[in-house]
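K.L.:
I am attaching a structure below and will ask some questions about it afterwards.
The values are calculated or read from the model by the stated rules, or taken from the named source; none is laboratory data. The shown structure was predicted, so the numbers you read here are calculated from the model rather than taken from an experiment. Cβ sites come from the backbone with ideal geometry, for glycine too, and all protein chains shown count toward neighbours. Ligands, DNA and RNA are excluded from the accessible area calculation, which covers all protein heavy atoms including side chains. Shrake-Rupley method; radii C 1.70, N 1.55, O 1.52, S 1.80 Å.
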Amino acid sequence: MRQAIELLARRGMLEKRRGSGTYVREQPREIDLFSLAGTSSAFQEKGIQVDSHLLAPPKLIRVDQDDANPFSGGTAFFFSRINRVDNTPVLMETFYLHPELFKGIEALELEGQSLSRVVETNYYLKPTGGRQTFHIGHLDQECAAAMALGPRTPTLIVHRYLNFKPTDNAIFSILYCNTKAFVFSQQIGGLNHEK
């Protein structure tokens with residue numbers, strides 16, 4: 001019995017609390033982080049209601065030097081948003097969009113909207129592919145406050161590059177993921193497309 005409990009604890013199914021006992025651990029919900037249909041659709045596919053709120057509305061900016069950003073040294077439309085589930089911040093996204101391909105996006109209503117749906121409806125574009133890079137980092141003070149995390153909390157940071165028919169890397173985004181409430185995953189063997 002002790003070995004079975006130890007095995008289940010190692011697998012994360014049980015939680016042992018000193019002086020209190022052993023408890024069944026609630027399994028974190030899993031979200032596919034690389035759905036070309038967008039992060040909002042990834043939550044909806046799991047039946048999870050997500051509230052998306054703009055932190056900074058879209059505006060054309062000059063992009064600072066950053067080797068990871070395909071718009072580095074040039075211009076791009078920039079905006080950021082926070083996604084909450086049950087009032088808990090689970091994902092913060094910053095977006096950089098191609099300045100010609102997405103001209104006029106600053107005039108569109110993005111509050112609470114799926115970016116993939118906005119792009120498809122207003123620009124008649126669907127992503128043709130993309131790539132992501134993953135690393136663990138620490139948030140700056142402003143991002144940590146928005147995510148309700150401590151500034152020294154290790155955070156999953158994802159750089160996402162989306163390609164469209166006329167232009168590769170037309171959308172670049174940085175995702176800051178709160179892994180306390182969700183497991184962020186990625187399908188292997190192909191990209192998920194909206195059905």
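K.L.:
Solvent-accessible area per residue for the chain at a 1.4 Å probe radius, Å²?
P.N.:
Using a 1.4 Å probe on heavy atoms only, each residue of the chain averages 59 Å².
K.L.:
So what are the three principal axis dimensions of the stretch 106-146 from its Cα atoms, in whole Å, longest to shortest?
P.N.:
For the stretch 106-146, the Cα spread along each principal axis is 37, 25, 14 Å.
K.L.:
Multiply the residue gap between E142 and A107 by 0.36 nm, knock off their C-alpha separation, and tell me the result in nm, one decimal place.
P.N.:
Length difference between fully extended and current span is 10.0 nm.
K.L.:
Taking K46 as the anchor, which lysines have their alpha carbon closer than 26 Å to its alpha carbon, excluding any fewer than eight residues away along the same chain?
P.N.:
Within the straight-line limit of under 26 Å, K46 reaches these lysines: K126, K180, K195.
K.L.:
Taking the Cβ of N83 as the centre, find all other residues whose Cβ is under 12 Å away and add up their charges (Lys, Arg: +1; Asp, Glu: -1).
P.N.:
Its environment carries a net charge of -1.
K.L.:
What FRET efficiency comes out for D168 versus M1 if R0 is 41 angstrom and r is the Cβ-Cβ distance? Round to the nearest 0.05.
P.N.:
0.15
K.L.:
Quote the FRET efficiency, to the nearest 0.05, computed for T133 versus R11 with a Förster distance R0 of 30 Å and r equal to the Cβ-Cβ distance.
P.N.:
The pair T133/R11 has a calculated efficiency of 0.60.
K.L.:
As an exercise, take the mean of 1/r over every pair of distinct alpha carbons in the stretch 56-195, invert it, and state the Kirkwood radius in angstroms.
P.N.:
16.0 Å
K.L.:
Here's a follow-up. Per the helix-only calculation at 222 nm, which mean residue ellipticity applies to the chain, given -39500 (n - 2.57) for every DSSP H run of n ≥ 4 and division by its residues, nearest 500 deg cm²/dmol?
P.N.:
About -4500 deg cm²/dmol.
K.L.:
Take the solvent-accessible surface of the protein heavy atoms, probe 1.4 Å, and return the percent of it on the chain that carbon and sulfur atoms account for.
P.N.:
So the carbon and sulfur contribution to the accessible surface is 49 percent.
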